[in-house]
Amino acid sequence: MKNLLIAAQIILLLSACTGKKENNNPSTTTTEKNTTMETNIKKNIEETLYAYGNALNASSTEQVLPLYTQNGIFMPQGAPSAEGQEQLKGAYDFVFKTLQLNVKFTIEEVTVINDNYAIARTMSKGTQLIHADKKTTPEENRELFVMQKEDGKWKIARYMFNKMK
């Protein structure tokens, strides 16, 4: 009987050491869920930002517009702000008629504010071909995006950039 009790204790001890550890601390579980949720949000935002970079390089207003919220605002350096889908279309049509970008976006940070808003800071570096004189020049900007969840997707609510030099 004594040997049976010792064997049972050894089995329990071994299973406790090798088995999956249960977490009975609800705050840790909540923290893990929040971290996973924030990671997923950041991933979705990064996908939107990279899609935006691809749309710029493709000179595609059609690809840019769905990445903005319905009342999105584009605030380019040295030009008037474009507010809403109609003005965004005009602004990007003008940009793409003026130049061809070939840039790579680097995401510097994504800060999640809440379930519906986040801020992203990026840098882009590459070249631009100015159509008027067929001249290619270096292009380098830093960008600030306010991201908003609209219709279940992370979109650009506000976008502003300026030159590094």
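The numbers here are math on the coordinates, done by the rules we state, and not lab data. Since we're looking at a predicted model, the values are computed, not measured. Here the Cβ positions follow ideal geometry from the backbone for every residue, glycine too, while neighbour counts run over all protein chains shown.
Per-structure values
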quantity	calculated
Length added when fully stretched, R121-E83, from 0.36 nm per residue minus Cα-Cα	11.6 nm
Separation of the N114 and D133 label points, Cα + 7 Å toward Cβ, nm	4.9
Ranked R158, R142, criterion: other C-beta atoms within 10 Å, fewest first	R142, R158
Cα-projected label distance for M160 with M37, points at 7 Å along beta-carbon direction, nm	3.0
Cβ-derived FRET efficiency at R0 30 Å, D93 paired with E140, nearest 0.05	0.80
Furthest towards positive pole of dipole, N162, A91, P66, structure part segment 31-163, Cβ charges	N162
